[in-house]
Structure formats: C-alpha cells, structure tokens
Amino acid sequence: QAKNTGKNTACLFDPSMQKAAEKKLQRESQIRYAMVQNQFELHYQPQILNPSRVTSVEALIRWQHPDEGWISPADFIPVCEESGLILELGEWVVDTACQQLAAWSFDKSKAHLIVAINISAKQFHQKDFANQVIKTVERTGAPAEKLELELTESLVVQDINDVASKMDELREYGIRFSLDDFGTGYSSLAYLKRLPFNQLKIDKSFVQDILNDESDLEIAKMIVALAQTMNLEVIAEGVETWPQARALADIGCHRYQGFLFARPISAEKITDTIAGLNQSVKP
Ligand code: C2E
Ligand code: MG
Ligand code: MG
Ligand code: MG
C-alpha cells in the first residue's frame with residue numbers, strides 16, 4: 001500500500017508504528033522520572049578464576065519500576081541510547097560503581113575485587129569521556145587499577161584514532177579494558193593490536209552451544225588462542241552448566257561468568273555470595 005500512495009505518507013498513518021513511537025516516548029519519560037526517583041540500582045555478577053576465586057564483578061543496571069516490577073536493560077538501554085538519556089544514566093553508573101569500589105577498597109574481603117562496568121557507544125564517544133571518568137575516580141577515591149570498562153566491538157570500530165587516544169589516556173591512568181561480546185562484531189586483528197585491551201570476553205552465544213555445535217567450540221578455541229597470542233586475559237560469559245565450564249577449561253579458558261556460579265546480585269549480598277563461591281567452586 002505504501003508504494004501506491006507516493007511519498008512516505010503511509011507510515012504516518014500506520015497504527016502499529018504510531019503505537020511503537022508512543023510506547024518509546026512513554027518509556028523515555030518513565031526513564032527520566034525513574035532517574036529522579038532513584039529507581040535504578042547496580043547489581044554485581046561475580047567472575048570466577050578457576051578453580052574457586054572471585055576476582056571481579058560486572059556491574060549490571062537494574063530498574064525496579066513501581067508498577068511493572070523489574071524491567072530488563074535489554075528493554076530500556078536501547079531507548080536510552082537512541083534518546084541520549086544514556087549520557088546521564090551512564091554517568092550515574094560510573095559514579096555509583098566508583099563509590100562502591102571506593103567503599104570495598106576499605107573492606108579486607110573485597111579490596112581485591114575489580115569492578116567492570118558497561119560503557120555504551122554514545123557515552124564513550126563524548127568529547128570529554130576520559131576526563132569525566134578520571135574526575136569521578138578522583139572524586140570518589142576509587143582505586144583506578146580496579147576499575148574496568150567493558151566496550152563492545154561496534155563501539156571500537158567507530159573512529160579508531162579517537163578510540164585509541166581515549167583508551168590510552170585512561171589506561172595510562174590505570175584503568176582496565178575488556179572487549180565485551182567478543183566474536184559477534186566486526187573488529188579486525190589490526191584494531192585489537194592497536195587498542196590497549198586487558199581482556200576478551202567470549203560472547204555467551206558461543207558458550208551456550210559449546211557442547212553441541214562444533215563451530216562454536218572452534219570459535220571459542222580461536223578466541224582463547226588469540227588472547228594467548230596477544231597476551232590478554234580471556235573470560236567466558238553466560239556459563240550455565242558444569243560441562244560448559246569443563247569444555248572451556250579444556251581449551252584453556254579459566255575465567256567464567258554465568259548463572260552456574262552466581263546471578264547478578266545486590267551489593268549487600270556480595271560478601272556472602274563470594275564466601276560461598278570461594279568454598280564451593282571446582283570446575
Ligand atoms: P552484557 O554486558 O553482555 O552483560 C551480560 C548479560 O548476560 C547480563 O544481562 C547478564 O545478566 C547475563 N548473563 C549472565 N550470566 C548469564 C548466564 O549464565 N546465562 C544467560 N542467559 N545470561 C547471563 P543483563 O543484565 O540483562 O544486561 C543485558 C545487557 O544490557 C548487557 O549485556 C549490557 O550490554 C547492557 N547493560 C547492562 N547494564 C548496563 C549499564 O550499566 N550500562 C550500559 N551501557 N549497558 C548495560
Ligand atoms: Mg558486559
Ligand atoms: Mg557481554
Ligand atoms: Mg553479551
């Protein structure tokens with residue numbers, strides 16, 4: 001039908017598109033309100049070094065909506081990215097994670113923990129991003145060498161020179177970098193070589209089927225080999241079963257994150273969870 005009307009007017013009257021647009025606008029205003037009302041929280045998912053050490057945690061944002069209950073970041077992060085709200089929300093995430101890191105640095109049982117936070121493309125590509133992060137680290141007193149930024153491949157392939165200079169500045173300051181969802185994007189080896197990453201994260205899509213799909217196993221092997229060649233750490237995300245963890249150990253991957261070990265949990269529960277994991281984990 002749209003073809004027959006000439007121009008693009010048809011989509012203005014497409015009720016499903018209008019509904020989607022309305023829903024997005026509604027989400028945006030809900031998100032703005034939620035920021036003011038402090039409805040966001042950071043949860044932390046332990047990362048395990050084989051056989052039993054919790055070395056780090058990934059901060060994952062959680063939204064407790066008064067009527068809708070928990071809303072998934074997969075739902076609202078894309079809306080934030082499109083609308084630009086991610087800049088404010090992202091700043092809140094960096095600030096909150098740094099405050100937590102500073103608090104843990106005085107606590108013997110948690111002072112060793114690295115805290116990884118997810119950085120979205122728009123947030124990273126802000127002109128003063130590096131400066132913002134460094135200022136927040138200084139203001140909160142967080143130990144810079146315990147802060148890790150997770151970037152995705154799609155982020156790093158935009159404007160390599162700018163990405164490299166920001167990363168170099170932050171790296172020099174002590175901050176670590178991890179390449180999230182590795183294997184799903186389009187980054188080249190030349191990029192990887194040029195950028196100061198500390199770690200690759202094997203995407204959970206490869207982990208899920210590692211036991212049944214030969215090509216997923218081969219990809220995971222390649223990522224581990226690549227990490228070894230480039231002297232990077234490697235971690236598998238989305239590990240849900242012991243056979244998956246063992247398959248990963250067999251190909252030389254000794255760091256894991258996944259529901260098998262722990263779900264993302266509130267900061268208050270982290271002490272007990274870590275103590276439990278340190279005793280029980282034996283892939
Ligand atoms: P991600 O950074 O790749 O985070 C890992 C996701 O996998 C998390 O989903 C985590 O809960 C989930 N996960 C962990 N272990 C398992 C497992 O064993 N099985 C399965 N099926 N899933 C597992 P979550 O928390 O829903 O977050 C989804 C995505 O939203 C994140 O993917 C990240 O891209 C984004 N995100 C979350 N928090 C933030 C944030 O603070 N800032 C930004 N910019 N993005 C965020
Ligand atoms: Mg991540
Ligand atoms: Mg990931
Ligand atoms: Mg992922």
Residue list for the stretch 94-106, restricted to those being open to solvent by 50 Å² or more (accessible area, probe 1.4 Å) and either touching a Phe, Trp or Tyr at 6+ places or on another chain (Cβ under 9 Å) or free of Cβ contacts under 8 Å to residues at least 24 places away in the same chain (or both): 103, 106
Members of the stretch 241-259 that are more than 16 Å from ligand 4 (Cβ to nearest atom) and either more than 30 Å from residue 195 (Cα to Cα) or part of a strand (DSSP E or B) (or both): 241, 242, 243, 246
Residue match in the stretch 162-173 (condition: in a loop (DSSP other than H, G, I, E, B), over 25 Å from residue 85 (Cα atoms), out of contact with any Ser or Thr (no Cβ under 9 Å at 6 or more places or on another chain) and open to solvent by 30 Å² or more (accessible area, probe 1.4 Å)): yes
Members of the stretch 184-238 that are within 18 Å of the chain's Cα centre (by Cα), of a type in the set (Ser, Thr, Tyr) and more than 15 Å from ligand 3 (Cβ to nearest atom): 186
Some residue of the stretch 66-76 being open to solvent by less than 50 Å² (accessible area, probe 1.4 Å), within 16 Å of ligand 3 (Cβ to nearest atom) and not in a loop (DSSP other than H, G, I, E, B): yes
Condition check for residue 270: modelled with pLDDT of 95 or more, among the β-branched types (Val, Ile, Thr) and not in a loop (DSSP other than H, G, I, E, B): no
Matching residues in the stretch 210-240 - criterion: being crowded, with 17+ Cβ neighbours inside 10 Å and not in a helix (DSSP H, G or I): 210, 232, 233, 234, 235, 236, 237, 238, 239
Test set (1) at pLDDT below 95; (2) open to solvent by 10 Å² or more (accessible area, probe 1.4 Å); (3) farther than 21 Å from residue 97 by Cα - residue 281 fails condition number: (2)
Tally, over the stretch 243-271, of residues that are open to solvent by 50 Å² or more (accessible area, probe 1.4 Å) and over 23 Å from the mean Cα position of the chain (by Cα): 3
Test for residue 177: is it at pLDDT 95 or above, more than 13 Å from ligand 2 (Cβ to nearest atom) and not in a helix (DSSP H, G or I): no
Residues located in the stretch 112-150, provided they are free of Cβ contacts under 8 Å to residues at least 40 places away in the same chain, open to solvent by less than 40 Å² (accessible area, probe 1.4 Å) and closer than 17 Å to residue 59 by Cα: 119, 123, 137, 144, 149
Output for the stretch 135-152, where each listed residue is assigned to a helix (DSSP H, G or I), of a type outside the set (Gly, Ala, Ser) and out of contact with any Leu (no Cβ under 7 Å at 6 or more places or on another chain): 135, 136, 138, 139, 140, 145
Looking only at the stretch 77-112, and only at residues there that are among the hydrophobic types (A, V, I, L, M, F, W, C) and over 16 Å from the mean Cα position of the chain (by Cα), the one that is farthest from ligand 3 (Cβ to nearest atom): 106
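The values are calculated or read from the model by the stated rules, or taken from the named source; none is laboratory data. Values in this document were obtained by computation on a predicted structure and should not be read as measured data. Counting neighbours? That spans all protein chains shown, and the Cβs are built from the backbone with ideal geometry, glycine included. What goes into the accessible areas is simple: the full protein's heavy atoms, side chains included, and nothing from ligands, DNA or RNA. Shrake-Rupley method; radii C 1.70, N 1.55, O 1.52, S 1.80 Å.
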